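A short worksheet on the structure shown next.
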Amino acid sequence: SYLAPGFEAGSLYAVAGWEVHASWVLVGVAGALVIGVVNYRGIRFAAFAQRLAVGSLLLVGLAFFLPGAVRGDTANLAPWITGWEGVLRVVIMTPFLYVGFDVIPQLAEEIDVPFRTIGRIIVLSILMALGWYGLVQWTVGLSLDPATLAGRALPTADAMRAVYGSPWAGRVLVVGGAFGILTSWNAFFLGASRLLFAMARGGMLPAVFARLHPRDGSPVAVVVVLTGSTVVAPFFGRPALVWLVDAGSLATVVAYLLVAAAFLIIRRRHPDLPRPYRVAAPGLVGWLAVAATVFFVLLYLPGSPSALVWPEEWAIVLLWTGLGVALAAGMRRREASIDRGRQARLILGEYAGLLGSIPGRSAAPK
């Protein structure tokens, strides 16, 4: 609507008070199909599209940050903190906003980069995301006073419009924001497709999800299923997006907690395992990560000012948890027919033999 006023056409129904329009549903469906086709073409084509979108996003960002820093007013930043409830509401969304970095290890099998460098890239990507989000918030705060910010639907676009004193600047920012959405969307799609492919290859999901396109090398069935699920999403409207972000943030934090715990357990059980990327003070870092993620989990629970909304957000969490439990139960029933050595090779690759035996299970092949 910022680019084309009056674009909201064809009212369909309302979700939690939000009117769903056919025009926006068509935009969402078209975007989902484009991302699906890009990933169907394989990793090289998806990476090329990602580079183009990221480059466009960076250009728009620089066009916003630099003039905004010069023309903005630090007096607009006051007051710094107006209450902790608002801070916590933003904090619970941040795990979802930072989850993009975990696409890097999910794509490690297809990245022609040494493992040590991959570790550094992950750290660098987190720092760059922190800097990017910080610059956006800082520049918006400099450009608009609190009274002007209140009630704005697209404050970042309004801030760029104020910096340049022209409506076209706001429209350029919206286009840049669209590139940002596409880069995140494409990265999530890539990571999810490779994760599901690896699970299927290891026998955790139906074998059809492990089949690759003979020419492009993409996991065809996974791409089709993911595209189908994302095509459905626009029909639920904006409130559902907020519910999914909040519920997905809790799932992300739980995943962080499990990774931090696995980091500590593997270091204790396998101290001699080759580690191309070495973490300084690993014990301290690991336990700090566990403590931080436990704290984040508490923020989502009832009684916290930032607790998940009942019943919508908790229904999503419970439904997703139930699906995971059902898949795990199915795996248990198939355990007798699973070749653990082959599964370890397919999932862990060269590390399968290095980890040795797993308590209660057959040893991985050497």
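The table below gives the values:
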| quantity | calculated |
| --- | --- |
| Answer from GLY330, GLY322, GLY303 - the residue that is over 9 Å from ALA247 (Cβ atoms) and either among the polar types (S, T, N, Q) or not in a helix (DSSP H, G or I) (or both) | GLY303 |
| Which listed residue is touching a residue at least 12 places away in the same chain (Cβ under 8 Å) and touching a helix residue (DSSP H, G or I) at 6+ places or on another chain (Cβ under 8 Å), from ARG152, ARG161 | ARG161 |
| Segments classed as helices (runs of 4 or more DSSP H), wholly inside the stretch 88-146, with at least 2 members that are under 21 Å from GLY68 (Cβ atoms) and touching a residue at least 60 places away in the same chain (Cβ under 8 Å) | 115-143 |
| Matching residues, the stretch 32-71, being of a type in the set (Gly, Ala, Ser), assigned to a helix (DSSP H, G or I) and either in contact (Cβ under 8 Å) with a residue 12 or more places away in the chain or in contact with a Pro (Cβ under 6 Å, 6 or more places away or on another chain) (or both) | ALA32, GLY36, ALA46, ALA49, ALA53, SER56, GLY61, ALA63, GLY68, ALA69 |
| Qualifying positions in the stretch 194-217 - surrounded by fewer than 17 Cβ atoms within 10 Å (Cβ to Cβ), part of a helix (DSSP H, G or I) and modelled with pLDDT of 90 or more | VAL208 |
| Cβ pairs under 7 Å, 6+ apart, first in the stretch 240-258 and farther than 16 Å from LEU298 by Cβ, second part of a helix (DSSP H, G or I) and at pLDDT below 90 | VAL245/PHE96; GLY248/PHE96 |
| Number of the condition not met by GLU85 [criteria: (1) touching an Asp or Glu at 6+ places or on another chain (Cβ under 8 Å); (2) of a type in the set (D, E, K, R); (3) surrounded by fewer than 12 Cβ atoms within 10 Å (Cβ to Cβ)] | (1) |
| Any hit, the stretch 272-294, residues being among the β-branched types (Val, Ile, Thr), in contact (Cβ under 8 Å) with a residue 40 or more places away in the chain and out of contact with any Leu (no Cβ under 6 Å at 6 or more places or on another chain) | no |
| Matching residues in the stretch 147-180 - criterion: being surrounded by fewer than 15 Cβ atoms within 10 Å (Cβ to Cβ) and assigned to a loop (DSSP other than H, G, I, E, B) | ALA150, GLY151, ARG152, ALA153, GLY165, SER166 |
| The lone exception for PHE295 - which of (1) exposed (fewer than 14 other Cβ atoms within 10 Å of the Cβ); (2) over 21 Å from the mean Cα position of the chain (by Cα); (3) part of a helix (DSSP H, G or I) it fails | (2) |
| Residue match in the stretch 183-193 (condition: of a type in the set (S, T, N, Q), touching a strand residue (DSSP E or B) at 6+ places or on another chain (Cβ under 8 Å) and not in a helix (DSSP H, G or I)) | no |
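One line per residue, one yes/no per condition, for (1) surrounded by 18 or more Cβ atoms within 10 Å (Cβ to Cβ); (2) part of a helix (DSSP H, G or I); (3) modelled with pLDDT of 90 or more:
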residue: VAL223; (1), (2), (3): yes, yes, yes
residue: THR230; (1), (2), (3): yes, yes, yes
residue: ALA233; (1), (2), (3): no, yes, no
residue: ALA240; (1), (2), (3): yes, yes, no
residue: VAL245; (1), (2), (3): no, yes, no
residue: THR252; (1), (2), (3): yes, yes, no
residue: ALA260; (1), (2), (3): yes, yes, yes
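The values are calculated or read from the model by the stated rules, or taken from the named source; none is laboratory data. Every value quoted in this text rests on a predicted model; they were computed, and no experiment measured them. Quick reminder, even Gly has a Cβ in these numbers, built from the backbone with ideal geometry, and neighbours come from all protein chains shown.
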